[in-house]
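**Q** Below is the structure I would like to discuss, written out as structure tokens.
All of the numbers you see were taken from the coordinates with simple rules; none came from a lab. This one's a predicted model, so the numbers in the text were calculated from it and none came from an experiment. Counting neighbours? That spans all protein chains shown, and the Cβs are built from the backbone with ideal geometry, glycine included.
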Amino acid sequence: MCVGLEQNRLALQLAVLHKHGGVATHDQDVFVNVVGGIKVNETASDLVVMLAIMSSLRDRVIPQDWIAFGEVGLTGEVRPVYNAIERLSEAQKHGFKVAIIPKGNMPKKAPKGLKVVPVEYLYQALQYMAENT
């Protein structure tokens, strides 16, 4: 069940998590709620939704000063998204300390005080989360 996110997109994310994250959710109830009544249509939310699901399944809290963005493809690749530099700049202004982003969006210079973690594949983001939460 999801609120604020397209149900077909969530089904796709769960399938990719199963195939490339080693997590079967077919026997789980998965609820996704985007707060504030916002409807997310942007594929840049794929990575953060998948990390949030893993966070719940593994009982690992994602720190509040982390952000993540990136489109995740069927083969588990994390694809670049538009406006990455602006997203990172705004994240830094709002006090975020860690950003997990597509390797293709890696800036030449990260905003001061923001650790940028570039990933090419979903498993790398999941591994980073497992090792740092």
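**Q** Spelling out what I want: for every residue of region 86-91, take phi, set θ = phi - 60°, compute 6.51 cos²θ - 1.76 cosθ + 1.60 (Karplus), and round to whole Hz; glycine and proline get x.
**A** For region 86-91, the Karplus-derived couplings read 5, 4, 5, 4, 5, 4 Hz, x marking Gly and Pro.
**Q** Next question, about the same structure. Just to be sure I follow the rule: in the chain, considering lysines 8 or more places apart or on different chains, how many pairs have Cα atoms under 27 Å apart?
**A** 16
**Q** Of all DSSP beta bridges in the chain, what percent run antiparallel (nearest 5)?
**A** Working: 3 of 14 bridges.
The antiparallel fraction comes to roughly 20 percent.
**Q** A follow-up question, please. Which distance in Å, rounded to a whole number, links the C-alpha centroids of region 84-133 and region 5-22?
**A** Using only Cα atoms, the two centres lie 22 Å from each other.
**Q** How large, in Å, is the chain by the Kirkwood hydrodynamic radius built from its alpha-carbon pairs?
**A** Numbers: mean 1/r = 0.0667 Å⁻¹.
Mean inverse Cα-Cα distance, inverted, gives 15.0 Å.
**Q** Name the long-range amide H neighbours of V3: under 5 Å, sequence gap of 5 or more, or other chain; modelled H, no Pro or chain starts.
**A** Long-range HN contacts for V3: V32, N33, V34.
**Q** Relative contact order for the chain: what percent, with Cα pairs under 8 Å and sequence separation of 6 or more?
**A** Values: 196 pairs, mean separation 29.9, N = 133.
It rounds to 23 percent for the chain.
**Q** Something else now. So between V61 and N33, what do we pick up on full extension, going 0.36 nm a residue minus the alpha carbon distance? Show your work: numbers first, answer last.
**A** On the way: separation 28, 0.36 × 28 = 10.08 nm, distance 1.66 nm.
Here the answer is 8.4 nm.
**Q** Same structure again: From the alpha carbon gyration tensor of region 1-66, can you work out the equivalent ellipsoid semi-axes (sqrt of 5 times each eigenvalue) and give them in Å, largest to smallest?
**A** Taking √(5λ) for each Cα gyration eigenvalue gives 18, 15, 11 Å.
**Q** With each label point set 7 Å from Cα along the Cα-Cβ vector, what nm distance links K109 and K93?
**A** Rounded to a tenth, the inter-label distance reads 1.8 nm.
**Q** Can you run phi through the Karplus equation (6.51, -1.76, 1.60; θ = phi - 60°) for region 55-63 and list ³J(HN,Hα) in whole Hz, with x for Gly and Pro?
**A** Once rounded to whole Hz, the list reads 4, 5, 5, 9, 6, 10, 7, 6, x.
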